[in-house]
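Report on the structure given below.
The values are calculated or read from the model by the stated rules, or taken from the named source; none is laboratory data. Small disclaimer: the values here were computed from a predicted structure and weren't measured. Cβ placement follows ideal geometry from the backbone for every residue including glycine, while neighbour counts extend to all protein chains displayed.
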Amino acid sequence: MNQFDSVNSDLTPMGLVVTATSWLNIFGIVEFNPFMQSIVYLLTISWLSMQIYGYLKKQFKKKS
């Protein structure tokens, strides 16, 4: 897990854009081809995973 200790989980412009694009795609406002849609979903999942990891890391540091 040492390689994940340096992961920056702050809100980044890239993560914000990818998540907003993903939601626009889900609501049907923006249409993508299936390849681009899968890339957007993978980026969204990875960004949200980093957010969850950063949150959990902060919570465990508070308890220690």
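Of everything in segment 47-63 that's exposed (fewer than 12 other Cβ atoms within 10 Å of the Cβ) and of a type outside the set (A, V, I, L, M, F, W, C), which residue is farthest from residue 18 (Cα to Cα)?
From segment 47-63, those exposed (fewer than 12 other Cβ atoms within 10 Å of the Cβ) are 52, 55-56, 58-63; that's our starting set.
Those left that are additionally of a type outside the set (A, V, I, L, M, F, W, C): 55, 58-59, 61-63.
Working: 55: 19, 58: 24, 59: 26, 61: 29, 62: 30, 63: 32 Å.
Ranking the candidates gives 63 first.
Somewhere in segment 5-21, is a residue among the polar types (S, T, N, Q) and either modelled with pLDDT of 80 or more or more than 18 Å from the chain's Cα centre (by Cα) (or both)? First the steps, then the outcome.
Within segment 5-21, the first condition is being among the polar types (S, T, N, Q), and the residues that meet it are 6, 8-9, 12, 19, 21.
Of the ones still in play, those that are also either modelled with pLDDT of 80 or more or more than 18 Å from the chain's Cα centre (by Cα) (or both) are 21.
Yes, segment 5-21 has at least one match.
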